[in-house]
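Written out below as structure tokens is the structure these notes cover.
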Ligand SMILES: C[S@@+](CC[C@H](N)C(=O)[O-])C[C@H]1O[C@@H](n2cnc3c(N)ncnc32)[C@H](O)[C@@H]1O
């Protein structure tokens with residue numbers, strides 16, 4: 001009886017809550033739009049003016065530094081447009097009602113998504129033989145059996161799956177993961193592994209989530225050693241790819257421990273638990289003025305007391321990021337103090 005009386009009240013409460021969350025969402029959207037609003041449309045008299053204005057705004061939003069290469073790409077993209085079309089389109093981009101997706105599709109064309117499995121083998125070898133075994137031992141001693149890795153600027157996901165495979169093999173070698181007869185490896189129940197891949201490009205994230213890669217000559221497996229192959233299944237119905245290779249899909253034991261998300265490195269990665277390892281290779285080349293901010297965003301989510309950051313072999317760390325440099329055989333990495 002008391003239940004039936006209570007129902008309308010609950011309904012009222014629920015509908016009130018719905019309105020409250022609705023208007024909250026609305027204000028949030030407005031706040032986001034306001035913060036993303038570009039400077040007011042300026043007078044752009046030439047293609048050069050438009051290209052410069054777009055490069056500045058791309059840098060403000062995504063950190064990507066203007067330069068000759070970016071300029072050349074923009075000029076090529078705009079070749080097919082008349083000046084009037086280009087002016088109208090750029091005005092719409094600079095309007096406060098511009099859609100983020102428009103900017104993102106422009107950025108897709110300004111960045112290079114080149115990546116492949118086993119890229120920079122020496123670095124990965126130090127990871128397998130030194131960094132991961134040490135991390136696993138530390139975790140074992142502390143009783144915190146969760147390993148969390150972030151592959152930042154992962155492009156189509158090869159680096160991310162590579163990290164999952166290497167971490168699983170290190171867990172197996174330490175006795176904390178089991179290898180089955182079909183070659184798959186699974187952590188023992190007390191241990192967990194999660195590897196997150198992120199990139200600004202939604203197109204790349206879509207490919208990464210599919211976990212399907214081609215074996216063509218310049219494809220994802222161009223530099224792969226044989227131990228990686230067993231973590232892939234042949235896709236029989238997609239056997240012949242455009243590049244002439246076969247099409248392989250990452251096995252479930254790997255993909256179930258790997259997630260992907262679109263994320264702008266100019267923003268802080270908000271995660272409930274810190275990362276034990278952050279890998280960001282061949283991405284910092286895009287940033288100039290914003291490199292410090294991006295490095296801060298990479299270092300902040302590192303686990304205190306040894307969280308490790310690996311940059312590309314030619315990337316340079318800036319001072320005052322609260323990390324200490326380590327090295328082995330000419331390979332560098334950084335640990336949070
Ligand atoms: C050359 S790929 C590197 C892929 C992989 N890390 C590797 O080393 O093989 C560089 C990636 O950085 C991404 N990127 C560029 N600016 C970014 C930003 N502001 N936020 C996130 N990712 C970005 C690009 O979309 C591109 O996929």
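Just so you know, all these numbers are worked out from the coordinates, no wet-lab data involved. All figures in this text were calculated on a predicted structure; none of them were measured in a lab. Note that each Cβ is placed from the backbone with ideal geometry, even for glycine, and that neighbours are counted across all protein chains shown.
Taken along the Cα-to-beta-carbon direction at a fixed 7 Å, the label points for residue 203 and residue 46 span 3.0 nm.
Using only the Cα atoms of segment 52-173, build the gyration tensor, take square roots of its eigenvalues as a ≥ b ≥ c, and label the shape rounded, prolate or oblate: rounded if a/c is under 1.5, else prolate if a/b is larger than b/c, else oblate. It comes out prolate by the Cα gyration axes. When the alpha carbon coordinates of segment 198-337 are projected onto the principal axes, the ranges are 51, 33, 30 Å, largest first.
Sorted ascending by nearby beta carbons within 10 Å, beginning with the fewest, 141, 54 become 141, 54. At full extension, residue 225 and residue 289 could sit 19.2 nm farther apart than now, given 0.36 nm per residue minus the alpha carbon distance. Spin-label pair residue 182-residue 130: with each label point 7 Å from Cα along the Cα-Cβ axis, the two points sit 3.7 nm from one another.
By other beta-carbon atoms within 10 Å, ranking 317, 204, 268 with the fewest at the front produces 268, 317, 204.
Between rounded, prolate and oblate, where does segment 47-108 land on the alpha carbon gyration tensor, with a ≥ b ≥ c its root eigenvalues, rounded for a/c under 1.5, else prolate if a/b exceeds b/c?
oblate
Footprinting exposure proxy ranking of 191, 333, fewest other C-beta atoms within 10 angstrom first, gives 191, 333.
Find how much the distance from residue 319 to residue 76 grows on full extension, using 0.36 nm per residue of separation minus their present alpha carbon separation; answer in nm with one decimal.
Here the answer is 83.7 nm.
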